[in-house]
1. Given the criteria in contact with a helix residue (DSSP H, G or I) (Cβ under 7 Å, 6 or more places away or on another chain), on the phi < 0 side of the Ramachandran plot, crowded, with 18+ Cβ neighbours inside 10 Å and modelled with pLDDT of 85 or more, does residue 167 qualify?
2. Given the criteria at pLDDT 75 or above, within 25 Å of residue 52 (Cα to Cα) and surrounded by 14 or more Cβ atoms within 10 Å (Cβ to Cβ), does residue 92 qualify?
3. Among the listed residues 903, 917, 930, identify the single one that is surrounded by 13 or more Cβ atoms within 10 Å (Cβ to Cβ), under 52 Å from the mean Cα position of the chain (by Cα) and farther than 27 Å from residue 966 by Cβ.
4. Pairs please, first residue from region 883-906 and assigned by TED's automatic domain parsing to the domain that holds residue 919, second anywhere and part of a loop (DSSP other than H, G, I, E, B) and surrounded by 18 or more Cβ atoms within 10 Å (Cβ to Cβ), Cβ atoms under 6 Å, 6+ apart in sequence or on different chains.
5. I'd like the full set of residues that are surrounded by 15 or more Cβ atoms within 10 Å (Cβ to Cβ) and assigned to a loop (DSSP other than H, G, I, E, B), limited to region 226-271.
6. Looking at region 944-963, can you tell me whether even one residue there is within 18 Å of residue 867 (Cα to Cα) and either surrounded by 19 or more Cβ atoms within 10 Å (Cβ to Cβ) or at pLDDT 80 or above (or both)?
7. Is it the case, given these coordinates, that residue 528 is more than 16 Å from residue 602 (Cα to Cα) and assigned by TED's automatic domain parsing to the domain that holds residue 642?
8. For the structure I just gave you, tell me whether residue 410 is more than 37 Å from the chain's Cα centre (by Cα), exposed (fewer than 14 other Cβ atoms within 10 Å of the Cβ) and outside the structural domain of residue 353 (by TED's automatic domain parsing).
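The values are calculated or read from the model by the stated rules, or taken from the named source; none is laboratory data. Quick caveat, the model's predicted, so the values are computed rather than measured. Positions of Cβ are backbone-derived with ideal geometry, glycine not excepted, and every protein chain shown enters the neighbour counts.
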């Protein structure tokens, strides 16, 4: 869209509407006019169509009220002409009567309303007022649409136009038209000159254009726009003609300027310029006007940013083209000197300067590495210290350095400044050469004329310097790679000898020769520590006769080699004879006689023992680089390997002889163990953690009714299932066996083999390696068939007796309770109470015996279900709380709240927990400590209770869970017991596939632990 095509129209703001009444009936017209004026609208009355046309052509009204019949023209014709206006009014017809003809006329002229005489003035005024308001809203909507079209067109122009001057002029014109301003300026910041410059203006008549040229540039803070720029926020000022910030008063007076709106052009935190809009006489700015101004300011700021980005892109493109061409030239150069010479020549050419040069960092000095022919007059000193001169300052800071005129430079060395001026150079630019973020040198360019360097110049030279540094580094690495190849070849030769030869002398000869050649030294030697002479003596040498140095003994800590032996780290010196004078005069004299000045030594360490030192020598007093130190250390490590290999070979031969003897002894021992293994009456097998049988004796096979050799490699549980299934048994394997390999705790229990009519007692113990890691289980089997038959007879007898005792005991208890409720003497009551307690204990004993009998015979009804072990424990603790208080014990509990669930019969598991807690309370002296802990261990749940009571003797722990067994030391405590509680605990826990045991030391308390399979229910 061209500039002249921007759709704009001036804004008009009126307080009230305008109405023209055309009616030859003056009284009727006056009555309606009064009613409309009462609503705040302006009214013009005409009697003829001609008068009405003249009025509406001067200023289009909002509403045209006209009679259908006029003396000089029909009402419809006047309405048609009014509709041709740029802003046509709404028409209201006034008819003499309500006839169809009047309705047709209203439709023809698209009337907004029809009034029929006689007209009610108040009603007519209300109708006209509403029509005025509707007309105004429609007019405002049209103006808003026009503004949007103008802003949209302006946005399109900003996006497509490349001439920013054209965009700014269009933006100023749009602001003038949209806001009704007299004058609009677009000021743009010039940061180099620290001024604002006019880049677009609109609104002045030709007679005022001349005064404007006097103010096309203003400084920061000066004038209206300069003040807005400095403030960085919008400013709205009225009475500009009297404002001290308005500079051109003649222009303000002549153009009738009054109000100023200044909006900074912002891009993030940057202020890019100012949009200055000046108005004539007017009131306060509305919110809508301020928002429109801000949108125009944003458009201007976007134009500036877009222009800057386009200009920067052009500069970047040109710079990349140059850098690409230069990088291609550098890529074709492979030697270091060639790269550096190409760099200095291209650097001078890039910036159109006369001289360029490079200094590279060597140690703490900057050394001339390359220069153009013209720079030879400037770079006269071979070395400079870092921080010295212009080049040294660049390396010290790691930042570019610009000197526009060396003559004005006060920091530089006066002598060097005069030298530069003497040969006619004034301008200087230096940038660091960086490798891996570290300054390794400086690229400098000089110009004969004083000049400033733009940021693009610095960026261009810096980018080129970075590429040059990379090219230089690649060339240097190429040279180093060739050197490394040579070193690697020699090291490979040494390594090959290490792998193929166990002759120590031959390998050490190769190492000393390689050290001399690879480090470009004059001689090398291996010094070996001699226990008999308590010092280092020469063992092998290259580049000098070994006889010349064999008499020298270097003590640990003395001289270079002695210090290396003691400190076990590489060291070097460029003054060998001086370092040996005090500590080792013989060695000093020998070094002087051989003309040796510099030496580098590395320790030969084999394991924890320092074997000796590898030393290389130079006749020139040179320094040694870190690379050389590393290389010699590598060769020393190879020497250590040779020493270690020789020793290992000797030790291996000795160990082979020892192993042969040990093997013979082991064979004898293995035969002896085999005889013992086979002679025992118990069955023994070793099973892996996966349940695979790895070893089994003959007795185990016999007890299980199968061939022991055939069982090796088989799955134990599958084999046992087969043995049980052969007899048609329905119960299958006991739970304790089925879960045996789900944990590493082991276990024990009975295994019934119905087909063999045999009961085996099995005990599984974890088997560990030397490091304590469990590798499987050792399981022993005993034939307990006869024992179980005897026990069964005992059980049957006890079951019979207990059944016979239970009924009379219950009757005795009931009779005693009746007696206790009767009125009897106090002394008799005491006897009755004792008898009742005794009967209660007998009943509990009978109940325990019955439960044990049912468990042993498998007739106790068990209802396993997911059981919250933590909640069950908490419930038992509440039950025994009174007993705890009686004994004044302190009980701590951990893991109850987040205890895993188990599959068990809650009533039976409660009996287990109650028995264990009650025992801890009873067998712990008064005011004791009891701790209960619940935790998940793998797929098992562990419950344990620890007390500080009387403890259990070690010999009693083996039988602790047997029926009717009580340890001897329990009788020292006044407690009652039957020896059935722990036996019942074991039966119940094993019934659920768990295990229970005790850890105790007599007099130091006891810890009872049981584990159960985790139910897997959260």
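1. no
2. For residue 92, the condition - at pLDDT 75 or above, within 25 Å of residue 52 (Cα to Cα) and surrounded by 14 or more Cβ atoms within 10 Å (Cβ to Cβ) - is met.
3. Result: 903 is the single residue among 903, 917, 930 that is surrounded by 13 or more Cβ atoms within 10 Å (Cβ to Cβ), under 52 Å from the mean Cα position of the chain (by Cα) and farther than 27 Å from residue 966 by Cβ.
4. 889/928; 901/1015; 902/1015; 903/1015; 904/992
5. Selection gives 234, 243, 245, 246, 247, 248, 257, 258.
6. Among the residues of region 944-963, at least one is within 18 Å of residue 867 (Cα to Cα) and either surrounded by 19 or more Cβ atoms within 10 Å (Cβ to Cβ) or at pLDDT 80 or above (or both), which makes the answer yes.
7. Considered against the rule, which asks whether it is more than 16 Å from residue 602 (Cα to Cα) and assigned by TED's automatic domain parsing to the domain that holds residue 642, residue 528 comes out as no.
8. Judged against the criteria, residue 410 is not a match.
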